[in-house]
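Peer 1: This is the structure I want to talk about, given as structure tokens.
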Amino acid sequence: DWTPDSFVEETVEAIKEKVGTDKVVLGLSGGVDSTVAAVLLNKAIGRNLYCIFVNNGLLRKNEFESVLNQYEGMGLNVKGVDASGRFLDALAGIEDPEKKRKAIGNAFIEVFDDEAHKLEDVKWLAQGTIYPDVIESVSATGGPSATIKSHHNVGGLPDFMKLKIVEPLRAIFKDEVRRVGATLGIDPELLGRHPFPGPGLGIRILGDITAEKVRMLQEVDAIFINGLKESGLYDRVWQAGAMLLPVNSVGVMGDERTYEKCVALRAVESTDGMTADWVNLPYEFLQKVSNDIINKVKGVNRVVYDISSKPPATIEWE
Ligand code: XMP
């Protein structure tokens, strides 16, 4: 019978046997999967695990600093690399969603590779790949869906790195990953975090990306997510976030007409992200969040709520 305890025990042994005294490098994303993978590897090989946490500048507000602190508090051997500027430069002027994903994925590989080269004698690349990632990347190789989403956390290894791969979560599902994380003593708040896409806010800013738009969306997103937490709604939602639309609309403030940005809020219920239903959030909640956003975030004068299910809509807008 599968239990988180037996999984941890067997996986730690398997990692020890596989990598021995070799050095392993792993990219942390702030998400559940890479964190659980890191803690498992840390348990197996300790200081021979080198974690790299890259700030792509497209994370949630204050996320880089707070998650990096958390990682250090967990005893992980982690280096934080702030590469925000590099990603923003790589994204300048790009509007097409797949081109954005590619630009972000390539910038990530470059930054990660620079860092990995600074470590001597690394033999392995560890990844937090889980079973649904394996399925999705396999099924995506055949048809046009190959280009639908280019997940940079699966198979995103540049040839010249020549590292062997270790993926301790390859055979298990998200809910099992969370249970393993709990057994390992990882903070329940971190384990309960909503999924967040690798390209981050980059695919929630429709159209081209600028530092100012990122700042705006980070503020909007923080108000929405903190509001969900304060209202006890966060754990009833599978994933939530905000999209900055490439639309200006007329508003009024005092005696002045405004012509400013519109944001869409999205909250969905799902089990695996393959299908999803929009969440029936209370009107009072939406009303409060909308007021907060419009009053506090300069440049936004309109908020809408996305009531589309997947399929035929997707969870993200890009
Ligand atoms: P969609 O928008 O396809 O999203 O309904 C399904 C789930 O996948 C996440 N997602 C991504 N994750 N890189 C990722 O790592 C991506 O390019 C990407 N695109 C979508 C999305 O947040 C949702 O959880």
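We did not get these values from a lab; they are worked out from the coordinates using the rules stated. Note that this is a predicted model, so its numbers are computed, not measured. No Cβ is skipped: glycine too gets one built from the backbone with ideal geometry, and neighbour counts run over all protein chains shown.
Peer 1: Report for the chain the percent antiparallel among DSSP-assigned beta bridges with both residues inside it, nearest 5.
Peer 2: Expressed as a percentage, antiparallel bridges in the chain total about 40.
Peer 1: Just to be sure I understand: with springs between alpha-carbon atoms less than 10 Å apart, which residue in Y50, Y71, Y305 has the highest mean-square fluctuation in the Gaussian network model of the chain?
Peer 2: Per the Cα network of the chain with a 10 Å cutoff, Y305 tops the list.
Peer 1: How about K310: which lysines have a C-alpha closer than 20 Å to its C-alpha, ignoring those fewer than 8 places off in the same chain?
Peer 2: Within the straight-line limit of under 20 Å, K310 reaches these lysines: K149, K174.
Peer 1: Another question about this same structure. Taking N as the number of residues in the chain, what is its Cα Rg relative to 2.2 N^0.38 Å?
Peer 2: 1.03
Peer 1: Could you give me the ³J(HN,Hα) list for the stretch 253-261, computed from phi with Karplus coefficients 6.51, -1.76, 1.60 and θ = phi - 60°, whole Hz, x at Gly and Pro?
Peer 2: Taking θ as phi minus 60°, the curve returns 9, x, 9, 9, 7, 10, 9, 10, 6 Hz for the stretch 253-261.
Peer 1: Reachable lysines from K123, Cα under 17 Å, same-chain residues fewer than 8 places away excluded?
Peer 2: Reachable lysines: K16, K18, K23, K162, K164.
Peer 1: Pull up all non-local amide H partners of I205: gap of 5 or more, or a different chain, and H-to-H distance under 5 Å with H placed in the peptide plane.
Peer 2: Close amide H contacts, sequence-distant or interchain: L244.
Peer 1: Can you report the principal axis dimensions of the stretch 4-191 using only the alpha carbons, biggest first, rounded to whole angstrom?
Peer 2: Result, largest extent first: 48, 36, 35 Å.
Peer 1: In percent, how large is the relative contact order of the chain, given Cα pairs closer than 8 Å and 6 or more residues apart?
Peer 2: With pairs under 8 Å counted, the relative contact order is 17 percent.
Peer 1: Here is a further query. Fewest Cβ neighbours within 10 Å first, please rank H117, H194 accordingly.
Peer 2: Taking fewest neighbouring Cβ atoms as first place, the list is H117, H194.
Peer 1: Just tell me which lysines come within less than 17 Å, Cα to Cα, of K213; anything on the same chain fewer than 8 places away is out.
Peer 2: Result set, ordered by chain and number: K61, K100, K261, K296, K298.
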